[in-house]
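To start, the structure under review is shown below, and the notes come after it.
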Protein chains: 2
Amino acid sequence: MPTHYKGSPAEERALNTYIRLTRANDTLQAHLKRGGTMRALTESQFGTLEALYHLGPLCQGEIGEKILKSSGNMTMVVDNLEKRGLVQRERSREDRRQIEVSLTKEGRQLIESIFPQHAGAIVQAFDTLSASEQEQLGTLCRKLGHALVNEELAVAEKS
Amino acid sequence: MPTHYKGSPAEERALNTYIRLTRANDTLQAHLKRGGTMRALTESQFGTLEALYHLGPLCQGEIGEKILKSSGNMTMVVDNLEKRGLVQRERSREDRRQIEVSLTKEGRQLIESIFPQHAGAIVQAFDTLSASEQEQLGTLCRKLGHALVNEELAVAEKS
DNA sequence: TTCAAATAGTTCAACATTGAAATATTATCC
DNA sequence: GGATAATATTTCAATGTTGAACTATTTGAA
């Protein structure tokens, strides 16, 4: 499904790569959701539980950095996880602006039971690519991501 | 930012590729939004205008297929574009269930003025990858995407 | 010390997104 | 031809998402 735009070769190449990257990502997310290994969790909820599981208690801002979401959004995501009894909030004593979020027993049990299945679904989704193709894809994505992040930092530097 | 999960090599490889793909995509979208070439359009609004521009008038369901969004969502996206006078709706005569969406003059002018700049921003974003790296990345993404879509089709076949 | 700047989180409005239920229309099968 | 299935869109509730304005708290500098 390449672009219909007629431009220079460099433009068509970049646009096609862009579309393919975006569509692969969208298709992958939809596939994993359909697979049912996320139970009734949204991506952000899943990411939050996973971060807490692998990194231990974090304050909301830290979680937002990990899953690339705004602070306003984190309030809502943690609200909904708290309503379901999967995480708990506690105001930090050292810095009373911060709120430490941690897994409850139920949250830990849930993520422990889900994660292996979810990882299995991801392995299966990438099964069509050989090991070296997966490495290549990962390397190219990392290179692209890093370049963009560094560019943002350079821009921020000037202000 | 690799996974913290300790699993088999195949699991770690797939998980790392997954994370890098997802993060590259997120970073890229954020970068393009920050660049300002989308004006006050959301991704879905931009995608809708672009589809109408390159493919001509489409009914809502067709647009949703192009930009991978649900029909319920399309109602809202087209609503908001219509409010801004960028598209118009007309009920189809051949099939009165369908609604043809087309660009207004304002919509056409907007996308015509935006698209080249936006394409330029995409070229620049991918500039860090060589031409052959871009081709490789595109090829790997297409392969992954196609495999997942075909799998969905095979599943749907059985029902 | 005290006041200004920075930081963490919340709130809010606007738009996005899905999935399910509802409506309207068209197609199909007996 | 008429019941039934399929299709296109809308509506709704729940959640997500951002960015901006706001509050509370901490930090840093005069």
Mean-position separation - Cα centroids, the range A:110-148 and the range A:39-56, in angstrom: 17
Quick one: net charge around residue B:10, please, counting Lys, Arg +1 and Asp, Glu -1 for every other residue with C-beta under 15 Å from its C-beta. -3
By the scheme Lys and Arg +1, Asp and Glu -1, what is the net charge of all other residues having a beta-carbon under 12 Å from that of residue A:139? +1
Name the longest site-free stretch of chain B, where the excluded sites are trypsin sites (Lys or Arg not before Pro) in a DSSP loop with no more than 16 other beta-carbon atoms within 10 Å. B:98-157
Anchor residue A:105: lysines whose Cα lies under 28 Å away (excluding residues fewer than 8 positions away in-chain): A:33, A:66, A:69, A:83, B:6
Dipole magnitude (debye, nearest 20) for chain B, charges at Cβ of Lys, Arg, Asp, Glu: 360
Tell me the net charge near residue B:126. Cut-off is 13 Å between Cβ atoms, residue B:126 excluded, with +1 for each Lys or Arg and -1 for each Asp or Glu. -3
How much accessible area is lost when chains B and A come together, counting both sides, with a 1.4 Å probe, in Å² rounded to the nearest 100? 5900
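The values are calculated or read from the model by the stated rules, or taken from the named source; none is laboratory data. A quick note: this is a predicted structure, and the numbers were derived from the prediction, not measured. So basically every Cβ, Gly included, is an ideal-geometry build from the backbone, and we count neighbours across all protein chains shown. Heavy atoms of the whole protein, side chains included, go into the accessibility calculation; ligands, DNA and RNA do not. Shrake-Rupley method; radii C 1.70, N 1.55, O 1.52, S 1.80 Å.
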